[in-house]
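Presented below is the structure to which this report refers.
The values are calculated or read from the model by the stated rules, or taken from the named source; none is laboratory data. Small disclaimer: the values here were computed from a predicted structure and weren't measured. Virtual Cβ from ideal backbone geometry, glycine too; neighbours counted across all protein chains shown. Surface accessibility is based on the protein's heavy atoms, side chains included, excluding ligands, DNA and RNA. Shrake-Rupley method; radii C 1.70, N 1.55, O 1.52, S 1.80 Å.
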Amino acid sequence: MSLKLLCRSKLKFDLCVCICTLTILLPSSLVQCQLDQFTPPSFGSPTQLAYAGLYNLTSAILSSKLVQDYSFCIQNTEGEWNTAFNYSSDLSFLTACIAKTGDVTQRFCTAAEAEIYFGNLKSGGNSLKFNRNCNSSHWAEGCEPGWACGLDNDAPVDLKNSRDIPPRGSDCDACCEGFFCPQGLTCMMPCPLGSYCPLATLNAETGRCDPYTYKLPAAMPNHTCGGANMWADARTNSEVFCSAGSYCPTSIEQLPCSDGNYCPKGSTDEKRCFRLTTCNSKSESQNIHAYGVMLIAALSTLLLIIYNCSDQIITTRERRYAKSREAAARTVKEKTQARARWKVAKEAAKKHAIELHSQLSGRFSKKTMPNPDQVKILNDVESETADDSELSSAQPERKRTEASHLLGIPHGKEDSYSSSFDASNSEHRNTNIKKKIPKEKEIHTRSQIFKYAYSQLEREKAQQQRNKNLTFSGVISMATNSDTRKRPLIEIAFRDLNVSLKGKHKTLLRSVTGKIKPGRITAIMGPSGAGKTTFLSALAGKAVGCMVDGMILVNGKAVSIHSYRRIIGFVPQDDIVHGNLTVEENLWFSARCRLSADLPKPDKVLIVERVIESLGLQAIRGSLVGTVEKRGISGGQRKRVNVGIELVMEPSLLFLDEPTSGLDSSSSQLLLRALRREALEGVNICMVVHQPSYTLFREFDDLILLAKGGLTVYHGPVKRVEEYFCGLGIVVPERVNPPDYFIDILEGMVKASSSSDVSYMELPVRWMQHKGYPIPPDMRTSATAGSTMSAINIDDHSHDFDDSVVEEQSFAGEVWQDVRANVERKRDAIRHNFLRSTDLSYRRTPSVLLQYKYFVARVGMQRLREAKTQAVDYLILLIAGACLGSLTKANDETFGFSAYTYTIIAVSLLCKIAALRSFSQDKLQYWRESASGISSLAHFVSKDTVDMFNTLIKPVVYLSMFYFFSIPRSSFAFNYVVLLCLVYCVTGIAYALAIFLEPGPSQLCSVLLPVVLTLIATQVNGTNIVKGIANFCYPTWALEAFVIANAEQYFGVWLLTRCGALLKYGYNVHHWALRLSFLILCGAAFRVIAFIGMVTFQKR
């Protein structure tokens, strides 16, 4: 052996020559003694020189082209070298090898030989290909597993940069401890840190070289067991790995783990157990269940505090609010009663003064008796109005308009309403400047606000009492009073209005002409199928999927009704209110979002309190409305809340679809009185009524009576309807409700009196003749207007065109017609949702940001009241985490691949189903609010903001059980970040499913989607098409992030296992942040899609 090879290092050559000469001159026994007593830090020693060569070899392994091929599993080359081949702390294995072989550097593999070995591992080969030293014609003893040979010549070899295999076949011997010698190569490579590579001993029973699995060659009887023969993936061969429960400070020493420490497989040192954990001797992992229990307890305590304290805070706040309101109401009531008593006393004093004056004047003089109104008692004029002036002076100036229409003055032409509306709106725009109120009289506190509101209500009640017995001059004075606030006027005129279904050409309304006027209550009546709701929807601009012909004028102008939607209210037939809010909260939310942003808070409180008072909701104002699962207020009260939501926004035009259905007589009367008060302020009220009582019927101003087929039978004042039908010979019998009788006539259930020659089918034509409207050609069956008309079929709900064609149409044609009709309805709905008209209401509602604030408060309140549902969600997550963590441990060989796979399925499924509730349970409420002009963006973002609390908490809840049962090597923080991104992603997908699908299909998709996508993502041996699909599946991104975070905690001897596993799964350690960004972008993209779908496919 040439000792010059021992000097291949960065040291100076003369120093190497000096050291090598000393080694030659000294006796062999002395050299052996020196090697046994070798200290690693000794500068320039043979061990250090050999370590320099070893460094060249290992750095070549981690910096060659081979490492470039393995770049997907190596994050930091220098860091990986330190954890795998940095033996500087203990070179005893190298010292022992030098003592055994002499010039050990001659046996080190070159970069070319290392590339052959690791390339074979990457390709999955079982044995190395033939090479220069080991082939079919030449098979040296060193080619056997666990053996190595020295160089055949003394020529120096560059271990790091050599691209050729040097001739190596002399001086063959067993592989040194701490090295491994692959079969098919005559060199040896160092075992990485975390391995245990002792010399093998022959097992006579099995014929294997323990602790390895290779056998002695039969053709070499004198051959003995050598050292380790391979370093490979732990999934195929884990012979050199340091055993679990033990640690290996060097690759030739294995020590059992002591008490209080734990040693995972492949450990180089003991790891101290955390406090409150149990670690016996030879423990592979620490029992950290106590931390899981502590985390669960802390999380449960935090959630209990949040929910209970928030509930207590809400309850206390509501109680204080109610006390302040009740105290203000009591104070105002006491003042009102005191004022009434003072008024009575004043009147008595006046009367007594007048009597005394008359007695004195009759006895002593003939003076004229004074006017009773001129008598002042204790300066009562000033004191009577002191309280009122104090409160009214603090009231900001409100928008006021002229109200001559309330005096019974006949309505003018359409242009007069247009001019009055424009005038009122110009005044609306020009009077936004508030009065300068003295600071001592400004309304700030809650008590002051309530006192102001209730004092105003008491004044209004007193005014109503005084108005009952007014003279004509009193009516004129009341109407022209500038303190009486009026609203912008809206009149709707319609001429030859026809409504038909698109695609099917079915006529729902036909030739309807008339107008509805401000300040009046118009009732729409008729038998079932007469098109009452269709007529109301057509006027309100909600006839989606229908063809509307004719002319509709708003204040005499052909403009869209949607231009006034901020001052138009629509009460649907169904009671669409939030069941998990109280009555007052429902009303307040509508008032905040729909009243003018310039309106002061005291006036908003006054409006809400006025509506609650007028609708008789005082007793239940703090009660939850209730849902199907949870009982709340009664059906009649719910109906009144449904109307109150529209009343609190102070509309100028109010549509109501059967508001009295389901109400008793007293409730109906209460509702009509509230609507009558709105009409006195100039509101145009139009409502569909189904068979009202006679008392209720007399409360209406105008009546629109429709027959089947959407034809008008009567449109005019209620007081003249009986007179009109009497002219046709239809007389209402005694003790019969007129509206019921008229509907029975139109149904054909009751025949007119014998004196009448008019059939119920002729009534629409008679009305057209009475008003002078043009009669459609198909209804003209007689030349003379007064002759008897032939029967006109109005029994059908619609009039079909081209009946002969329809009758002859095939089944396929009918199907195609239905498909076309559905497509046209969908297209019309989408167009209708994106229709934006110029705002002519001139009401500046709160901004999107301010509405977002109101929505967040409302949604947060709803979530707090659903605390039990949230608790069940968390409990299910805890159970799932405990079960999956116990049953699917984070396996070292797969880096927890299977455990994380089940985690993705479970978390995705549970979080999706929970997130469906955010948008699937209140679709109807959203459609109603959006149609009224409330911001859809604020609605969506507020729900997502509140749900972000669950997005942050649910990963902690799941990991509190899964992590401490499964015990992966990756940190809790890494697992939380990945799971957080996963929950954010699946929540966005759930939003889209809830918006685009009905509740049943959306729940089914939420269950199937994570299972199917995860199965696709885990198809390791799938086709290219399957792998291409898997690249776009969110479970692929989440699973890769989980596995990478866990695999990076495995180093040293685990390096090849990590590379093999990541190669099999197709993962890359550099893509961890990229996969998380994909999850976040996917969640954001699905939220955008969900929002677009929510706005596009809503029903208005």
Is there any pair with a first residue in region 152-175 that is over 19 Å from W139 (Cα atoms) and a second that is open to solvent by 70 Å² or more (accessible area, probe 1.4 Å) and of a type in the set (K, R) whose Cβ atoms are under 9 Å apart and which are 6 or more apart or on different chains, and what are they?
D154/K4; P156/K4
If you go through region 476-504 one residue at a time, how many are closer than 24 Å to P764 by Cβ and modelled with pLDDT of 85 or more?
9
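Looking at F962, is it open to solvent by less than 10 Å² (accessible area, probe 1.4 Å) and within 30 Å of I288 (Cβ to Cβ)? Give the steps one after another, and end with the answer.
Details: open to solvent by less than 10 Å² (accessible area, probe 1.4 Å): yes; within 30 Å of I288 (Cβ to Cβ): yes.
Judged against the criteria, F962 is a match.
For region 560-572, check the following and say yes or no: at least one residue is open to solvent by 30 Å² or more (accessible area, probe 1.4 Å), closer than 22 Å to P692 by Cα and among the small types (G, A, S).
Checked against the condition, which is being open to solvent by 30 Å² or more (accessible area, probe 1.4 Å), closer than 22 Å to P692 by Cα and among the small types (G, A, S), region 560-572 yields no hits at all.
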Suppose the filter is of a type outside the set (S, T, N, Q) and either under 22 Å from L536 (Cβ atoms) or open to solvent by less than 10 Å² (accessible area, probe 1.4 Å) (or both); does I645 pass it?
yes
Hydrophobic (A, V, I, L, M, F, W, C), buried (at least 21 other Cβ atoms within 10 Å of the Cβ), closer than 30 Å to I620 by Cβ and touching a helix residue (DSSP H, G or I) at 6+ places or on another chain (Cβ under 9 Å): does that describe V554?
no
Would you confirm whether any residue within region 782-793 is at pLDDT below 90, in contact with a strand residue (DSSP E or B) (Cβ under 9 Å, 6 or more places away or on another chain) and part of a loop (DSSP other than H, G, I, E, B)?
yes
Got a number for residues in region 104-151 being without any contact (Cβ under 8 Å) to a residue 60 or more places away in the chain and assigned to a loop (DSSP other than H, G, I, E, B)?
15
Could you check V977 against (1) open to solvent by 50 Å² or more (accessible area, probe 1.4 Å); (2) at pLDDT below 95; (3) not aromatic (F, W, Y) and say which number it fails?
(2)
For T250, state whether it is out of contact with any helix residue (DSSP H, G or I) (no Cβ under 6 Å at 6 or more places or on another chain) and among the β-branched types (V, I, T).
no
Quick one: which residue in L553, L587 is more than 30 Å from I745 (Cα to Cα), of a type in the set (A, V, I, L, M) and assigned to a strand (DSSP E or B)?
L553
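Counting only residues that are in a helix (DSSP H, G or I) and without any contact (Cβ under 8 Å) to a residue 40 or more places away in the chain, which one in region 984-1012 is surrounded by the fewest Cβ atoms within 10 Å (Cβ to Cβ)?
To start, the set of residues in region 984-1012 that are in a helix (DSSP H, G or I) comprises 984-996, 999-1012.
Going one step further and asking which of them are without any contact (Cβ under 8 Å) to a residue 40 or more places away in the chain, we end up with 1000-1001, 1004-1005, 1008, 1012.
Numbers: G1000: 8, P1001: 11, L1004: 12, C1005: 20, L1008: 11, V1012: 13.
Among those that are in a helix (DSSP H, G or I) and without any contact (Cβ under 8 Å) to a residue 40 or more places away in the chain, it is G1000.
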Under 9 Å between Cβ atoms, which residue pairs at least 6 apart in sequence (or on different chains) link something in region 335-363 that is closer than 30 Å to L457 by Cβ with a partner that is open to solvent by 90 Å² or more (accessible area, probe 1.4 Å) and of a type in the set (A, V, I, L, M, F, W, C)?
K346/L378; A349/L378
Segments classed as helices (runs of 4 or more DSSP H), wholly inside region 652-751, with at least 3 members that are of a type in the set (S, T, N, Q)
665-680
Only one residue in G579, G569, G622, G626 is more than 27 Å from the chain's Cα centre (by Cα) and in a loop (DSSP other than H, G, I, E, B). Which one?
G622
Going through region 252-294 in order, the residues found to be open to solvent by less than 70 Å² (accessible area, probe 1.4 Å), of a type outside the set (S, T, N, Q), farther than 19 Å from Q1049 by Cβ and at pLDDT 80 or above are I252, L255, G260
Report, by residue number, each residue of region 920-943 that is over 16 Å from V571 (Cβ atoms), of a type outside the set (S, T, N, Q) and open to solvent by less than 20 Å² (accessible area, probe 1.4 Å).
D922, Y926, A938, H939, F940, K943
Does region 1048-1066 contain at least one residue that is free of Cβ contacts under 8 Å to residues at least 60 places away in the same chain and in a helix (DSSP H, G or I)?
yes
Which condition does T695 not pass, out of (1) within 44 Å of the chain's Cα centre (by Cα); (2) open to solvent by 60 Å² or more (accessible area, probe 1.4 Å); (3) of a type in the set (S, T, Y), if it passes all the others?
(1)
For S283, indicate whether it is over 47 Å from the mean Cα position of the chain (by Cα), small (G, A, S) and assigned to a loop (DSSP other than H, G, I, E, B).
no
Determine, yes or no, whether Y902 is open to solvent by less than 80 Å² (accessible area, probe 1.4 Å) and either at pLDDT 90 or above or more than 19 Å from I306 (Cβ to Cβ) (or both).
no
Search region 437-452 for residues that are closer than 23 Å to T336 by Cα and pair each with any residue that is modelled with pLDDT under 75 and assigned to a loop (DSSP other than H, G, I, E, B) when their beta-carbon atoms are under 7 Å apart and the residues are at least 6 apart or on different chains.
K441/A394; E442/A394; I443/A394; I449/I443; Y452/A394; Y452/Q395; Y452/I443
Take the residues in region 106-115 that are more than 13 Å from D158 (Cβ to Cβ) and touching a Leu at 6+ places or on another chain (Cβ under 6 Å); name whichever of them is least open to solvent (accessible area, probe 1.4 Å).
Q106
Only one of L216, L202, L185, L193 that is surrounded by fewer than 17 Cβ atoms within 10 Å (Cβ to Cβ) and not basic (K, R):
L202
Condition first: over 14 Å from S324 (Cα atoms) and either surrounded by fewer than 19 Cβ atoms within 10 Å (Cβ to Cβ) or modelled with pLDDT under 80 (or both). Now tell me which residues in region 437-456 satisfy that.
I437, P438, K439, E440, K441, E442, I443
From T513, T507, residue being of a type outside the set (K, R), modelled with pLDDT under 90 and under 21 Å from K771 (Cβ atoms):
T507
Inside region 1013-1025, can you point out the residues that are under 26 Å from T903 (Cβ atoms) and open to solvent by 50 Å² or more (accessible area, probe 1.4 Å)?
L1015, Q1019, N1021
Meets criteria (modelled with pLDDT of 80 or more, open to solvent by less than 20 Å² (accessible area, probe 1.4 Å), touching a Leu at 6+ places or on another chain (Cβ under 8 Å) and closer than 13 Å to G227 by Cβ) for P166:
no
Residue by residue through region 116-139, note down the ones that are surrounded by 17 or more Cβ atoms within 10 Å (Cβ to Cβ) and not polar (S, T, N, Q).
I116, Y117, F118, L121, L128, C134, W139
